[in-house]
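The values are calculated or read from the model by the stated rules, or taken from the named source; none is laboratory data. This structure is a prediction, so every number in the text was calculated from the model and none was measured. Counting neighbours? That spans all protein chains shown, and the Cβs are built from the backbone with ideal geometry, glycine included.
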Amino acid sequence: MLIRRTVFAVALLLTAILSAQNKPSKPRGGSHLPPTAIAAMQNILPENIEQQTRFLSHDLLEGRGTGQRGGDLAAEYIATQFALYGLKPAGENGTYMQKVPMVGITPDADTHFTLVPTNGQPLDLKPLDEYVAYDQTQQPESNIDADIVYVGYGIEAPEYNWDDYKGVDVKGKVLLMLVNEPPSDDPKFFTGRALTYYGRWMYKYEEAARKGAVGAILIHKTEMASYGWEVVRNSNSGEKSYLKLDGTPKLKSAAWIHLDVARKLASAAGMDLDKMMADARLRTFKPVPMNFRLSAHMTSKIRPFGSNNVIAVLPGSDKKLSDEGVLYTAHYDHFGIRPDLTGDNIFNGAMDNATGCAILLEIARVYAQSPQRPRRSIFFSSVTAEEQGLLGSEYLGKHPPIRAGKISLDLNFDDVMPLGAPEQVEVSGAERTTFYPTVQATATDFRFAIRPDARPEAGHYYRSDHFSLARVGIPAFSINEGIKFKGHDEAWGLAQEEDYTAHRYHQPSDEYRSGMDWTADAAMARFGFALGWEAANQQQLVGWRKGDEFEKARLASR
């Protein structure tokens, strides 16, 4: 009876793979997976991914907050799964854990944030509704009384002949700036529509601090940020985590203001915000004093703590190559519980990113159970504090389990929605690596069209954990479905994405629901498994294409 059930289950699985997944029965053009690897890949089960997602996004895990009980439970659970699969620990002191030293900062209620004009009434801003701000210096109290200078996009990029600062000394100032970067369709100018790191809020804060500013204020605009104010509010409320200070300059106030506040500020200063935004698009733009100053009393609760990256390894089979590796990553953290919210206040993070963790676990399981191992070692890391600014992966990149120059590739999974059978795959950033021909061939094997980034202006490449690995030179990109699914047109897929962004992204409503179609998540897991196996068996390590912004870091890491 057991044999009959097993045969029946295998038959059902193969049917699902050949039909629902649109996977050809025999590997074609460019696939070099051995039969044992194909068998392992076909053992990736959508129901396993569903149940892992269900558990990791359950209310019992309390939203998997960084440095909170729910986040620690998630890390312990993932480590336990790695151990049960038979993978070896690759963390610290013979464990699966890599401790990340962090500091939690919670703004106190007596913090005040006031925009004071040279003449006129001060604008006392209401936290969360009109502004969010954190003191990055990790001090319990900081005071700011500094002039505000508008610096356009706040970018200094000599390779694009762009400088918003024009040599103006902004030391001790508060810088008002726009999110994103100068718009263009020219691929040689800030890579055209695709956002570069210069457009990310992290860069803008970093650059302001490097130039000696005491604060930076980003003007939020939905079309420019690619998400609404509620995402800014939810992502910057309650405790926010930072890596322990390492001597890098930090701001006393890293802030956002609502677009309506920015308009009031500009109007009170005798300026027009729309014209200010238009002027910022010009190379001739120069910093503009606002005739306003920021008067802020920043008080914070400081909580030093440690959170963990979880790391496991499947040693490679080739004695000469086993000291090199391929890395899979997915973040397990989300936003925890918001006590100030009424009603449902648990940020379960089902899609973001219980799905990615579930895919990582399923890939790890089938690798571990395969009777044949790839030549290079395979590392699996579920990282902490992605939602706090890619902090766990930043620490992992600076403290990798093996030297960064020996890691051939990082494949990341983040927010893979269960929407049915995908006919496209998105691998934005893969085209920047020498591995791209293999990616293209493998996509052909799976009968996936490679979908260009549907919203390159949103800068997704710089918003997930693979970016932290790229910064230290490791070729890295995320794998996700496109917007075309079997039985639906692209408009349907885009509508699902937009609905999620508007109604569930970084909100308590991002929850697991029964009846979701996990075909897509299994398909992305199989695709990622195939790519990782290919990279682990190639003769040469993967690299960045000549001239890429991460090429220098790659060369330096070897």
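Quick notes on this one:
- Look at (1) on the phi < 0 side of the Ramachandran plot; (2) at pLDDT 95 or above and you find that GLY199 fails only one, number (2).
- Which listed residue is closer than 14 Å to MET417 by Cα and crowded, with 22+ Cβ neighbours inside 10 Å, from ALA470, ALA520, ALA495: ALA520
- Some residue of the stretch 448-466 being surrounded by 21 or more Cβ atoms within 10 Å (Cβ to Cβ), touching a Pro at 6+ places or on another chain (Cβ under 8 Å) and at pLDDT 95 or above: yes
- Check on GLY192, at positive phi and either modelled with pLDDT of 95 or more or not in a loop (DSSP other than H, G, I, E, B) (or both): no
- Residue in the stretch 254-267 that is of a type in the set (Asp, Glu) and touching a residue at least 12 places away in the same chain (Cβ under 8 Å) present: yes
- Some residue of the stretch 285-305 being polar (S, T, N, Q), under 21 Å from the mean Cα position of the chain (by Cα) and closer than 30 Å to ASP110 by Cα: no
- If you filter the stretch 297-340 down to residues that are within 30 Å of ASP124 (Cα to Cα) and assigned to a loop (DSSP other than H, G, I, E, B), you find that the one that is modelled with the highest pLDDT is PHE335.
- Listed by position, the helices (runs of 4 or more DSSP H) inside the stretch 445-558 whose residues that are more than 29 Å from VAL366 (Cα to Cα) and within 18 Å of the chain's Cα centre (by Cα) number at least 1 are 466-471, 490-503.
- Only strands (runs of 3 or more DSSP E) whose full extent lies in the stretch 61-175 are considered here, and the ones with at least 3 residues that are crowded, with 20+ Cβ neighbours inside 10 Å are 97-107, 131-134, 141-150.
- Residues being closer than 19 Å to LEU360 by Cα and of a type in the set (Val, Ile, Thr) - total across the stretch 65-81: 2
- Among the residues examined, TYR77 does not qualify as within 23 Å of PHE347 (Cα to Cα) and touching a Pro at 6+ places or on another chain (Cβ under 7 Å).
- Test result for ARG373, part of a loop (DSSP other than H, G, I, E, B) and at pLDDT 95 or above: yes
- Filtered residues of the stretch 177-219 (kept if within 17 Å of the chain's Cα centre (by Cα) and farther than 18 Å from ALA262 by Cβ): ALA194, LEU195, THR196, TYR197, TYR198, ARG200, MET202, TYR203
- From the options LYS240, LYS250, LYS275, residue that is modelled with pLDDT of 95 or more, within 23 Å of GLN136 (Cβ to Cβ) and of a type outside the set (A, V, I, L, M): LYS250
- Checking ARG54 against (1) over 30 Å from LEU259 (Cβ atoms); (2) buried (at least 23 other Cβ atoms within 10 Å of the Cβ); (3) among the charged types (D, E, K, R), the condition it does not meet: (2)
- Taking the stretch 376-422 as the range and being surrounded by fewer than 24 Cβ atoms within 10 Å (Cβ to Cβ), among the charged types (D, E, K, R) and either assigned to a helix (DSSP H, G or I) or in contact with a strand residue (DSSP E or B) (Cβ under 8 Å, 6 or more places away or on another chain) (or both) as the test, the residues that pass are GLU394, LYS398, LYS406, ASP414, ASP415.
- Selection status of ASP489, of a type in the set (D, E, K, R) and buried (at least 18 other Cβ atoms within 10 Å of the Cβ): no
- Residues that are under 24 Å from GLY482 (Cβ atoms) and touching a Phe, Trp or Tyr at 6+ places or on another chain (Cβ under 9 Å) within the stretch 394-417 comprise LEU409, ASP410, LEU411, ASN412, PHE413, ASP415, MET417, listed in sequence order.
- Count of the stretch 80-94 residues, restricted to those that are more than 27 Å from the chain's Cα centre (by Cα) and hydrophobic (A, V, I, L, M, F, W, C), is 1.
- Residue in the stretch 217-229 that is basic (Lys, Arg) and in contact (Cβ under 8 Å) with a residue 24 or more places away in the chain present: yes
- Candidate set: the stretch 324-374, residues that are hydroxyl-bearing (Ser, Thr, Tyr) and within 21 Å of the chain's Cα centre (by Cα); chosen: the one farthest from ARG64 (Cα to Cα): TYR328
- The stretch 155-205, residues that are among the charged types (D, E, K, R), in contact with a helix residue (DSSP H, G or I) (Cβ under 7 Å, 6 or more places away or on another chain) and closer than 19 Å to LYS250 by Cα: GLU156, ARG200
- If the condition is being within 30 Å of PRO101 (Cα to Cα) and either touching a helix residue (DSSP H, G or I) at 6+ places or on another chain (Cβ under 7 Å) or among the acidic types (Asp, Glu) (or both), then the stretch 246-287 contributes ASP246, PRO249, LYS250, LEU251, ALA254, TRP256.
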